[in-house]
């Protein structure tokens with residue numbers, strides 16, 4: 001006789017109504033940065049993303065699931081990981097889950113986690129750190145993609161200066177493949193981020209065409225370095241141009257005069273890692 005999935009004994013009643021208060025709250029948390037701040041909660045959707053959150057020891061309060069969307073045994077295995085935690089498991093009907101899901105093709109699991117502190121003072125850097133600074137980043141998809149590149153290239157911390165996007169936006173999590181949940185990140189004003197940079201004696205290499213030299217002429221290998229990027233629309237503003245030590249540009253030979261933010265970041269980080277490994 002086949003054993004029943006353990007979650008059949010966790011909740012006796014399946015939530016079917018689209019008007020259920022939990023369903024409505026999940027939708028609010030998905031869509032509203034204000035609601036996420038008010039409750040200090042944010043949703044994480046997707047097997048990979050939730051697993052990263054578990055491994056990063058994020059604190060989960062509730063896990064919503066719908067077996068109708070399960071594709072393989074991975075979803076049940078993931079739910080088993082919550083069995084020994086304090087997270088409440090709640091089953092939703094297919095329509096109720098579809099209403100709460102962010103993705104067009106959901107995998108059947110959404111977890112609520114507590115937001116975490118993003119103050120610069122919470123970051124701890126080792127010797128000769130490689131730090132990425134994003135000023136006034138606006139698009140959650142760009143931020144997530146940048147965080148994914150930052151993790152891949154071994155960046156020690158990402159600093160968000162005057163961020164125009166909510167760090168806990170579902171698209172940040174999705175586009176980073178959940179890596180935003182374990183990447184050391186801090187958010188602050190321009191002045192707070194600059195103070196952090198100065199306190200850690202980081203040299204600042206800015207991505208700017210003003211008085212710039214080619215990327216590969218920059219110095220990424222001597223001590224701690226902060227690589228700085230401006231907003232998608234405006235680039236670096238006067239505040240950071242005045243506070244950078246080097247102005248670097250990616251030379252291009254085609255007709256395009258710019259690259260997507262995440263692509264530009266990857267180019268800079270690749271060169272930084274190359275220089276550091278050649279030392």
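Of all residues in region 75-87, which are surrounded by fewer than 21 Cβ atoms within 10 Å (Cβ to Cβ) and touching a residue at least 40 places away in the same chain (Cβ under 8 Å)?
76, 80, 83
Against the condition surrounded by fewer than 22 Cβ atoms within 10 Å (Cβ to Cβ) and in contact (Cβ under 8 Å) with a residue 40 or more places away in the chain, how does residue 165 come out, does it pass?
Here the answer is no, as residue 165 does not meet what is asked.
Out of 109, 52, 137, 90, report the one residue that is buried (at least 16 other Cβ atoms within 10 Å of the Cβ), touching a residue at least 60 places away in the same chain (Cβ under 8 Å) and under 30 Å from residue 219 (Cβ atoms).
None of the other options fit; the residue is 137.
Results for (1) assigned to a strand (DSSP E or B); (2) touching a strand residue (DSSP E or B) at 6+ places or on another chain (Cβ under 8 Å), shown as yes or no for each residue.
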position	(1), (2)
160	yes, yes
172	no, no
177	no, no
183	no, yes
198	no, no
206	yes, yes
210	no, yes
222	no, yes
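For residue 99, are the conditions met, namely being modelled with pLDDT of 95 or more, touching a helix residue (DSSP H, G or I) at 6+ places or on another chain (Cβ under 9 Å) and not assigned by TED's automatic domain parsing to the domain that holds residue 226?
yes
Residues in region 39-83 that are within 20 Å of the chain's Cα centre (by Cα) and either part of a helix (DSSP H, G or I) or not assigned by TED's automatic domain parsing to the domain that holds residue 107 (or both): how many?
10
The values are calculated or read from the model by the stated rules, or taken from the named source; none is laboratory data. Just so we're clear, the structure is a prediction, and the values are computed from it rather than from any experiment. Quick reminder, even Gly has a Cβ in these numbers, built from the backbone with ideal geometry, and neighbours come from all protein chains shown.
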